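Some notes on the structure that comes next.
Read the figures in this text as sums done on the coordinates, not as results from a lab. Computed from a predicted structure; not experimentally measured. Note that each Cβ is placed from the backbone with ideal geometry, even for glycine, and that neighbours are counted across all protein chains shown.
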Amino acid sequence: MHTRWILLLSLLGYFATTVPLQAHCEIPCGIYGDPLRFSMIDEDIATIEKSMTKIKELSGDVGNINQLTRWVNNKEQHADRIREVVTQYFMTQRLQVPDKADATAFAAYTEQLVLLHKMMKVAMKCKQTTDLAHAKTLHDLAHAFKEAYQKK
């Protein structure tokens, strides 16, 4: 009986500490939802903006510390989701390295990589501050990337 409890607790501990499943796998399944990813990024940015606004509103009232903490966590989770979509979806699965001999394709690829890198950096800034200018910059970069990506 004692061994069963140890096994049960071990399994519970294992499942409690495992990483949650991601939204899209890294096997070559060929199923991609680019419009959904762009929509998710837009929603994440809107959530970051609202979180920043609520954090500023709640910052002066110590009685709202729990709610303030929730908004900070929410802002950070959505910034991380953007960085995950940028790296795990677009950079590793969707962008293909073109032949350097094709100067036009290589320039387009480079532009897309630069925009994605900037998005990751600004998403990090969104985690660090409540400056709405960073959320606006992230919005502008996301739409610039969408345009550059859809030119292909």
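Here are a few things to note about the model shown:
- Between Asp131 and Thr110, the contour length at 0.36 nm per residue exceeds the alpha carbon distance by 4.7 nm.
- Cα-Cα separations in segment 26-152 greater than 26 Å, expressed as whole percent: 29
- Cross-link partners for Lys125 among the lysines, with Cα-Cα distance under 20 Å and sequence neighbours closer than 8 places in the same chain left out: Lys50, Lys54, Lys56, Lys75, Lys136.
- The calculated FRET efficiency for Asp80 paired with Lys100, based on their beta-carbon distance and R0 = 22 Å, is about 0.10.
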